[in-house]
Structure formats: C-alpha cells, structure tokens
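This report concerns only the one structure given below.
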Amino acid sequence: DAKKAARQLTKQQINQGYVPSGFYEYTDEEGNPIFWRIRLDHPTKGKWIRPLSLNGAEWELKEPKFPGGKPLYRLHEIVSRPDETVWIVEGEKCVDVLAELGLLATTSGSATSTGAADWSSLSERTVIIWPDDDKAGLGYAKDSTEQLLPLDCDIKWVDVSKLGWSVGSVGSDGVDWILLNRDATKEDVEALSLIAPDVDIATSPDQQSAKSKPQMLEQIADSCELFHSDDSKCYATVPINS
C-alpha cells in the first residue's frame, strides 16, 4: 500500500523526468513501519526526497509527529544488536549499502536532520561516523557527534583523506567507495583508517551546537533545490526536519 501511494503521489515528478531510486522504511524498535522516505533522481535537476506517512486513512507526503524526536533509520536492528559497532552515514542509500555487507548502519536522514532525531538508542555505544567528502558531509559528521557526546558514546570518524579519492570527487561517500572497491567485504570496511572526531569536545554541548547564522545558511544552501516558474519567478525548496 505504501509503494502504491508513493507512485500515486509522485506522478507529477515522474512526468517531469524524475526516476524512482529509493524507498526507505523507518520502523519502531519492534520493526513495525512508521513512515517511509521516497527518493527520485533527475539527470539534471538532482535528487527529490520526501517523507510518506499514513494519516488515518489518507496518505500524505509528511512525517508523523515525533515529540521525542524522529527515530533513526533501521532502528529495530540497532536495538536487536546491542553489542555491535554502529556506523553512521548521511542518507538511507548509504546505510543500505553498508548493511548489505553485514555492518550495522543507520542515519538520521539528510545533512540537516540531526537535531530532529532521537539518538537515545545509541547511548554508550561504539559509533563510527563516515562523513561525505564535502562541506555538508563534514557538517553532518560534526552535528551527529555533538548529538552523541552527551550519550557517552565512543566515537570515531572514518578518515576520508585516506580513501584515495581522485581529483574532483567532492561529495563522495560510502556508496562511491563501495563502487570503487566492488570486492570489498565487511572486514575491509572495518579496516578503514579512523580518526578522532573533529569537534571541540572540551566545550559544553550548548557551545558546540551554537552555530553562527552564516554557517547555518551555508548548510541550508547546500541542500536547496533552486528552480523557477514559467513566468521566471524564482523559488527554492528548503528541507526543514525532512
């Protein structure tokens, strides 16, 4: 039913040349579906990502309300595998690629989603964050780290400078690394070079989370979709809490 609703609600985008590329199910701790995220990709306009939920009997492109914060992706796996290291990446597509190798992975969603997520399931866990190789990716890694520090997590980052990216590979992520290393195994990923988090852990959480307005605007701009109407009026689609 959810997939049928997704096809119905994305007809306009598909008619504009967008192609379905991902359908991600968010669950509660028992594995029951709560909502989904739809991803479409366009050859020139980039990606289009929206949440999908059932509001009573009506499907809508909205998230349910989560007073305690949005659940992490694949939450039931995190809860059911309490002794394993958790890999945090930006975006569900990258999570699924790592999960296919047998790693326990999760995400809060997009680069601007960390503050709206419930990270409590990772309390006192060993966590490895794999940043995307760009400014937004670094921002997501820092924001995630700042959410996890008060939970007494043991946090390391993948050293993206040691991944052997070629010139012009800005924005490369775990999915790109797997594509470049198609024979990679779970053990190969676990052997990647790690570094300490690039945040000032001596400051208080309040000080860490305080961003200047220019920094916030830069982070938002990185995830905006810019477009204009037929009469040349300019618009921007800005993701706010997914």
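The values are calculated or read from the model by the stated rules, or taken from the named source; none is laboratory data. Just so we're clear, the structure is a prediction, and the values are computed from it rather than from any experiment. Don't worry about glycine lacking a Cβ; one is built from the backbone with ideal geometry, like all the others, and counts go over all protein chains shown. SASA here: full protein model, heavy atoms, side chains in, ligands and nucleic acids out. Shrake-Rupley method; radii C 1.70, N 1.55, O 1.52, S 1.80 Å.
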**Prompt:** To the nearest Å, what is the center-to-center distance of the range 62-135 and the range 1-23, using C-alpha atoms only?
**Reply:** 25
**Request:** Can you tell me the FRET efficiency between GLU84 and THR44 if r is taken as the Cβ-Cβ distance and R0 is 51 Å, rounded to the nearest 0.05?
**Result:** 0.80
**Asked** In angstroms, what radius of gyration and Dmax does the range 92-133 have, counting Cα atoms only?
**Response** 11.0, 28
**Asked** With labels modelled as points extended 7 Å from the Cα through the Cβ direction, what inter-label distance (nm, one decimal) is found for GLU60 paired with ASP28?
**Response** 2.0
**Request:** Subtract the Cα-Cα distance of ASP198 and SER123 from 0.36 nm times their separation in residues, and report this length gain in nm to one decimal.
**Result:** 25.0 nm
**Asked** Going by accessible area, probe 1.4 Å, with all protein chains left in place, what is the ranking of GLU58, GLU63, largest first?
**Response** GLU58, GLU63
**Asked** With Rg and the Kirkwood Rh both taken from Cα atoms, where does Rg over Rh land for the range 108-194?
**Response** 0.98
**Complete:** Per the charge dipole of the chain (beta-carbon charges, Lys/Arg positive, Asp/Glu negative, Cα centre), the residue among PRO131, GLN8, LEU180 reaching farthest to the positive end is GLN8
**Request:** Compute the long axis of helix 213-222 from its Cα atoms, compare it with the longest principal axis of the Cα atoms of the chain, and write down the angle in degrees, 0 to 90, nearest 10.
**Result:** 60
**Prompt:** So which trypsin sites (Lys or Arg not before Pro) in the range 1-81 end up in coil per DSSP with only 15 or fewer other C-beta atoms within 10 Å?
**Reply:** LYS45, LYS62, LYS65
**Fill in**
Excluding residues fewer than 8 positions from LYS233 in its own chain, the lysines with Cα under 20 Å of it are LYS45
**Request:** Please figure out what share of the DSSP beta bridges in the chain is antiparallel and state it in percent, rounded to the nearest 5.
**Result:** 70
**Request:** Roll a 1.4 Å probe over the protein heavy atoms and report the accessible area of TRP157 in Å², nearest 10.
**Result:** 10
**Fill in**
The percentage of Cα-Cα pairs in the chain separated by more than 23 Å is 52
**Asked** Projected onto the charge dipole of the range 49-161 (+1 at Lys/Arg Cβ, -1 at Asp/Glu Cβ, origin at the Cα centre), which of THR112, ASN55, GLN147 gives the Cα projection farthest towards the positive end?
**Response** ASN55
**Message:** Show me the three semi-axes of the equivalent ellipsoid for the range 4-64, from the C-alpha gyration tensor (sqrt of 5 times each eigenvalue), largest first, rounded to whole Å.
**Reply:** 23, 13, 8
**Prompt:** If you line up the long axis of helix 135-148 against the longest principal axis of the chain, both from Cα atoms, how many degrees apart are they, to the nearest 10?
**Reply:** 60
**Fill in**
Heavy-atom accessible area of the chain with neighbours in place, 1.4 angstrom probe: carbon+sulfur share in percent works out to 50
**Complete:** In debye to the nearest 20, the charge dipole size for the chain, taken about the Cα centre with +1 at each Lys and Arg Cβ and -1 at each Asp and Glu Cβ, equals 920
**Message:** Can you compute the equivalent ellipsoid semi-axes for the range 21-147, i.e. the square root of 5 times each eigenvalue of the Cα gyration tensor, sorted largest first and rounded to whole Å?
**Reply:** 22, 19, 14
